[in-house]
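Let me begin by presenting the structure, written as structure tokens, before commenting on it.
The values are calculated or read from the model by the stated rules, or taken from the named source; none is laboratory data. Just so you know, these numbers come straight off a predicted model, no measurement behind them. Using ideal geometry, Cβ is built from the backbone for each residue, glycine included, and neighbour counts are taken over all protein chains shown. Please note that ligands, DNA and RNA were not included when accessible areas were found on the heavy atoms of the full protein model with its side chains. Shrake-Rupley method; radii C 1.70, N 1.55, O 1.52, S 1.80 Å.
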Amino acid sequence: MQFSFLSFITQIAVLIVALAAVHRPLGAYLARVADGDRHLRFERWIYKATGVSPDSSQTWKAYARSMVALSVAGVILLYVAQRVQPLLSGGQVAGVDPWVAMNTAISFITNTNWQAYTPESTVGFVIQMAFLAVQNFASAAIGVAVVFALIRGFARKGTDSLGNFWVDMTRLTFRVLLPLAAIAAAVLIVAGIVQNFWPTSVANPLTGVSQTIPGGPVASQEAIKILGTNGGGYFNANSAHPFENPNAFTNIFEVFLLLMIPFSLPYTFGRIVGSKKQGYTILTVMGALWLITESLMAWAIAAWPSLGEGLEQRFGPAASGIFATATTLTSTGAVNAAHDSLPPLAGGMAMFDMMLGEVAPGGVGSGLYGMLVLAIVAVFLGGLMVGRTPEYLGKKIQARHMTLAALYLLVTPVLVITLTGAAVLIPSVVGDAPSQGPHQFSELLYAFTSAANNNGSAFAGLSASDPIISSLINVAMWLGRVLPMLLVLALAGCFAQQEPIPPSPGTLPTYGPLFAGLLGTVAVLFTALNYFPALALGPIAEGTLR
Amino acid sequence: MTTTPTKHSTPAQPNPPHGAPGHVPAPRVTELSGHAYKRRKAFNRQLILDAIPESFVKLDPRQLRHSPVMFTVLLGTVVSAIACVVQIAQGSPDVVFSLVITIWLLLTVLFANFSEALAEGRGKAQADSLRAGREGLIARRLKGGIDESVPAPDLRKGDLVVCETGDVIPSDGEIVEGLAMVDESAITGESAPVIRESGGDRSAVTGGTKVISDRIVVRITADPGQTFIDRMIALVEGAERQKTPNEIALHVLLVALTIVFLVVTAALVPFANLAGAIPSPVVLVALLVCLIPTTIGALVPAIGIAGMDRLVRHNVLATSGRAVETAGDITTLLLDKTGTITFGNRRAVNFLPAPGVPEGEFIEASRLSSLADETPEGRSIVDLAAERGATGPDLAELTRLRGGQVTAVEFTATTRMSGLDDGHQRYRKGAASAVAHWVRELGGDVPPGVRDDVDAIANDGGTPLVVASDDGGRPRVLGTVHLADVVKPGIADRFAALRRMGIRTVMITGDNKLTAAAIAKEAGVDDYMAEATPEDKLTRIRQEQEAGQLVAMTGDGTNDAPALAAADVGVAMNSGTQAAKEAANMVDLDSDPTKLIDVVAIGKQLLITRGSLTTFSVANDVAKYFAIIPALFVAVFPGLSLLNIMGLTSPKSAIMAAVIFNAIIIVLLVPLALRGVRYRAVSAQQALRRNLLIYGVGGLIAPFIGIKIIDLLLAVVPGLH
């Protein structure tokens, strides 16, 4: 199918207009959610019932403990629920294999939503709605809560307090994610996505042959899957399944939904730290990286028209490219095309997007905190170059901050590279794989890049129910999510205590095109330097095979 | 109107830096403060020759431990060397290539050591000359009224020693008795002697300086090893080198990059195994060394030492590297008006004759009234009168003409006037109230026009002096001389430059508000404190710091000590008291308060050099990847030759070129590291744009060109292929 640049440009333009329209009101609303003192009545009931004192404030350590506790509890709960599924479903659906169950549990709690199972046949309505959907909300809210804590760290001074994790979680769930998901689900239902509780198998009365037509509460699941940059599909084919993504409108609407919150948070950031231009600078860098990677993806697809066998045929290759870029840039991992069979360099672009560290605009919350950590490194280099101890938003960047920021930037590449290296050495992994050569390497590299960056999309060819691979992926997902969050919270704790230095003409301006350019370059350069050899051996080698 | 003199009204003659006659003129660099300094070559031949053996001594792993980047390179070199031995044993055809790589890896470490040794060498030369002056010094210690000869190193705090003409003062101390001319050239490089006396703000003496007249008794204030010169030697030799906060933060970044690239390189083994082409250890080490930030890792120590050295060359002594760095962060400068902003003396700027008095007559009378006045104010009136065309005789000639009938009238506290009696003609000048009193006693009066002039000058912040004459019962007020504090030329431009750099200047003065405001306006300072006491300074520093500002100030008196200690950067004048020097974190040996501005610039330059070379180093990696990655895998994936955008001759040549470039760039950047990236007084925005362009974009492009050139040169070397 021919790549249509006109279609590409039109869709991108529609997305830009829609995102431009929504980022301010949504960003401002999020700022009020983060800042507001008032509790809604039902929120008070929740706090009373759960024993949370909503006006108490937490140090970064307490905030981090709460975050880890909720995550660990979520993993255990989800694991057990899957194992006892026969009880929950009245014996209709079998218990999930322990390896798959653990993989799924970690995957949904870490906002990765790597799916080692076939949802239609593995999990029933109860697990889908009562457990996976809940985790979709929770993992998205955790990401935003952590970035709230970091923003407060920048905005506050001389204090230990970063806010209350439980209050943030409650507000984000009930004031932001649920209402938005409800609206989104309504739109999706109107647009034609399935929402029912019908059993999976129905007879076709015309032919008399029994045909598998799955049903289920798809639209409501779809809304939060996309909105919370989760990506765990109701069906195995994810957004390439006609029931999850029936038409061209739902396709672009889903792309819009997954970019919506991440592109609004920079405005929230600018508002809370009291300088909108700071927020807009971050937004500009995210937007520019998004447009550049979208364009390169479009080029990589268009330049090898004969290679795009896995592309979405219904909406055309342009739609596939746009979706693939948005989903890999946002830690969503929902797919509307088979990334494995994209043209090699397009597959490489999907990997590169994830390797950027999910910052353009990244997952809900995680994208912004990732970009802010990169900003700290950019400020450090830039600040030294203007002859001052570097400072960001008036807070001096010193050895402690650099240690935390450097560790943050180390965690994911080290996980990806060492775990890919380990997987390559396992004979059962390498020997059994259907594909060989650079593509086989790409598949492994993609898997660990996706897991450690909490994306969740996958190339095929990897038997993820294999205990060894499954364990390695679990390690990547868990450490790739929790370690960066702990480091970000520690940074927030440092910043909150610091007294800000008032800006002067001698202060490195952390806004405007010059700084945006520096920040964008730092993001790309660090990614390129970390992953260039691996990319050369995978997609680049494959793409230049003759 | 009277003005409260500031405590700097008699400043210890600030020595013009290196300006004393008899110095051989050397090339000069003009600094921000307006001072010119001798430009010293980054290195001379002897220093280079001395640094070469030192580079080998520093190969000791214990010495390299402080730099993880260079330590990694050393380990890599060892691995590479072992691989060479194995290859030789196996008779591998790659031996020549591996040897070349190993040698250049070793050279990389040596070049790094060389830059550090060179930086240290410059300090050592200075330290040696300082030490030479102290060898075999014998002190005359006072004990129970008699003096005994003891070696200088035996002196302890609290000992009293006697120094007479020709003696070298054995250690740091405070004069408790007497006054002397002291030659401080051993420390300051200035040959003009200075006066040191007991009591007051000029009582401190420094060990190693020489008494050239009179006798003093000195109480020793420093134990051996703690004296000024000891500290200076330690500092310039880099013996007390500790990492500064920014250096530690940079260090963290460099370690993180090293770890990431270690992982990346190590993982290539399993990665490439899958592709069926494991690179040799030599090649892997080469890749690793090219990727880790060796350029900045090699030059960090040299940059730090050179920054210290630059300060010492400006005759400023810092107690720590941290203080130098903090200087770069300063946002508020508290500057004493006298000596920094103004010349310190009021000067005549205008003559305003009384109504009906011819201007010529008034000017001549003003001149005569000041002929015998040796104060700077008096001399300035005589000078201005000459400028305005008064051509009368000078005092000596007048005395000769009048046959001795000329009497100088000294200023006294009761009359508050000075002047001259030329026979029966008497000339007086003084404050308006004093002259009015004198005239009225003689039966005259001050005309209203003069009173208006006096008020106008006072309102303008100037000092009015009224001149009157009397030829025996006919007193006349002739007019008003306008005296003003004269702001140093160019100072306003300098403050404007500071403002662009984001530094606010606050003028501190004992003057009243009116005078202070007028001078503040003329000098272009951002703020001023009038009628300021040392306590006010301390309060102001606290206020500024609470608002998040970093404050620098200068001071010399004991009562400045608390403020000097509270300031983020406190610079004590060498002419000041021991208490001030101990409270400060820097001492200016030239006792020149203006130098604070240069100190700030040195701090900034240090950070800029570090940041720029880091950016350069990281940006270099892109080109190295494009050289090495295709070279590594082109045999298995011929398509990767597309990445060989430099068109390098062969895989081996590409790897060698990258390694050689990586080593050579260190040597090429040594002069820049030692001299520092040039600092300009521009806004942060402009500085960033400029340095990003040169070191960021330049760092991306330069290695592409460098590696290509080396590759072309390697192609003509026989036996490498």
Exercise for review: Using the structure shown, decide if A:Arg32 is in the same structural domain as A:Asn251 (by TED's automatic domain parsing) and under 30 Å from A:Ala288 (Cβ atoms).
Suggested key: yes
Review point. Only one of A:Thr389, A:Thr420 is facing another protein chain (nearest Cβ under 10 Å) and surrounded by fewer than 24 Cβ atoms within 10 Å (Cβ to Cβ); which?
Key: A:Thr389
**Study point:** Filter result for A:Leu425 (on the phi < 0 side of the Ramachandran plot, over 25 Å from the mean Cα position of the chain (by Cα), within 7 Å of another protein chain (Cβ to nearest Cβ) and of a type outside the set (Val, Ile, Thr))
**Key:** yes
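Residue-wise test of (1) facing another protein chain (nearest Cβ under 9 Å); (2) under 22 Å from A:Thr104 (Cα atoms); (3) touching an Asp or Glu at 6+ places or on another chain (Cβ under 7 Å); (4) open to solvent by 10 Å² or more (accessible area, probe 1.4 Å).
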residue: A:Ser450; (1), (2), (3), (4): no, yes, no, no
residue: A:Leu487; (1), (2), (3), (4): no, no, no, yes
residue: A:Ala490; (1), (2), (3), (4): no, no, no, no
residue: A:Gly512; (1), (2), (3), (4): yes, no, no, yes
residue: A:Leu518; (1), (2), (3), (4): yes, no, no, yes
residue: A:Val524; (1), (2), (3), (4): no, no, no, yes
residue: A:Leu535; (1), (2), (3), (4): no, no, no, yes
residue: A:Thr544; (1), (2), (3), (4): yes, no, no, yes
Review point. Only one of (1) open to solvent by 30 Å² or more (accessible area, probe 1.4 Å); (2) in a helix (DSSP H, G or I); (3) farther than 30 Å from A:Ile426 by Cα fails for B:Ala306. Which number is that?
Key: (1)
Review point. Tell me, which residue of region B:580-622 that is closer than 18 Å to B:Leu254 by Cβ, under 20 Å from the mean Cα position of the chain (by Cα) and of a type in the set (A, V, I, L, M) is farthest from the other protein chains (Cβ to nearest Cβ)?
Key: B:Leu606
Exercise for review: State yes or no: is A:Thr507 among the polar types (S, T, N, Q), within 23 Å of A:Gly387 (Cα to Cα) and facing another protein chain (nearest Cβ under 9 Å)?
Suggested key: yes
Study note, to complete from the structure: Flagged in region B:528-565 as buried (at least 19 other Cβ atoms within 10 Å of the Cβ) and hydrophobic (A, V, I, L, M, F, W, C), in numbering order, are B:Met529, B:Ala530, B:Ala532, B:Leu538, B:Ile541, B:Leu550, B:Val551, B:Ala552, B:Met553, B:Ala561, B:Ala563, B:Leu564
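To keep it simple, each residue is scored yes or no on (1) crowded, with 20+ Cβ neighbours inside 10 Å; (2) modelled with pLDDT under 95; (3) within 18 Å of A:Asp37 (Cα to Cα); (4) in the same structural domain as A:Gly74 (by TED's automatic domain parsing).
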site: A:Leu132; (1), (2), (3), (4): yes, yes, no, yes
site: A:Phe148; (1), (2), (3), (4): yes, no, yes, yes
site: A:Ile189; (1), (2), (3), (4): no, yes, no, yes
site: A:Pro205; (1), (2), (3), (4): no, yes, no, yes
Point to revise | Single unsatisfied condition, A:Asn247 versus (1) out of contact with any helix residue (DSSP H, G or I) (no Cβ under 6 Å at 6 or more places or on another chain); (2) over 27 Å from A:Leu188 (Cα atoms) | key: (2)
Revision key, fill the gap. If we keep only residues of region B:315-325 that are open to solvent by less than 10 Å² (accessible area, probe 1.4 Å) and away from every other protein chain (no Cβ under 14 Å), then the residue nearest to the chain's Cα centre (by Cα) is B:Val316
**Study point:** Subset of region B:162-183 (residues that are in a loop (DSSP other than H, G, I, E, B) and surrounded by fewer than 23 Cβ atoms within 10 Å (Cβ to Cβ))
**Key:** B:Glu164, B:Thr165, B:Gly166, B:Asp167
Review point. Does at least one position in region A:291-309 carry a residue that is closer than 28 Å to A:Ala182 by Cβ and open to solvent by 10 Å² or more (accessible area, probe 1.4 Å)?
Key: no
Practice item. Tell me, yes or no, whether region B:685-704 has at least one residue that is touching a Gly at 6+ places or on another chain (Cβ under 7 Å) and not in a helix (DSSP H, G or I). Key: no
**Study point:** Enumeration of residues in region A:89-119 that are at negative phi and surrounded by fewer than 17 Cβ atoms within 10 Å (Cβ to Cβ)
**Key:** A:Ser89, A:Gln92, A:Ala94, A:Gly95, A:Pro98, A:Thr118
Check your understanding: Does B:Asp598 meet the test of being acidic (Asp, Glu), modelled with pLDDT of 80 or more and within 23 Å of B:Phe495 (Cβ to Cβ)?
Key -> yes
Study note, to complete from the structure: Selection from region A:312-335 of residues of a type in the set (Ser, Thr, Tyr) and open to solvent by 10 Å² or more (accessible area, probe 1.4 Å) yields none
Point to revise | Any helices (runs of 4 or more DSSP H) falling wholly within region B:430-535 and containing at least 2 residues that are within 44 Å of the chain's Cα centre (by Cα) | key: B:448-459, B:491-500, B:513-523
Exercise for review: Specify the residue that is farthest from A:Gly382 (Cα to Cα); the eligible residues are those in region B:576-606 that are among the polar types (S, T, N, Q) and open to solvent by 10 Å² or more (accessible area, probe 1.4 Å).
Suggested key: B:Gln578
Review point. Which number in (1) more than 7 Å from every other protein chain (Cβ to nearest Cβ); (2) within 26 Å of A:Leu519 (Cα to Cα) marks the one condition that A:Leu410 misses?
Key: (1)
**Study point:** region B:272-301: number of residues that are farther than 18 Å from B:Ile259 by Cα, without any contact (Cβ under 8 Å) to a residue 24 or more places away in the chain and within 11 Å of another protein chain (Cβ to nearest Cβ)
**Key:** 2
Check your understanding: Only one residue in A:Thr403, A:Thr420, A:Thr325, A:Thr412 is of a type in the set (Ser, Thr, Tyr), farther than 17 Å from A:Ala451 by Cα and in a helix (DSSP H, G or I), so which one is that?
Key -> A:Thr403
Exercise for review: Quick one: count up the residues across region B:623-650 that are surrounded by fewer than 18 Cβ atoms within 10 Å (Cβ to Cβ), of a type in the set (A, V, I, L, M) and facing chain A (nearest Cβ under 9 Å).
Suggested key: 2
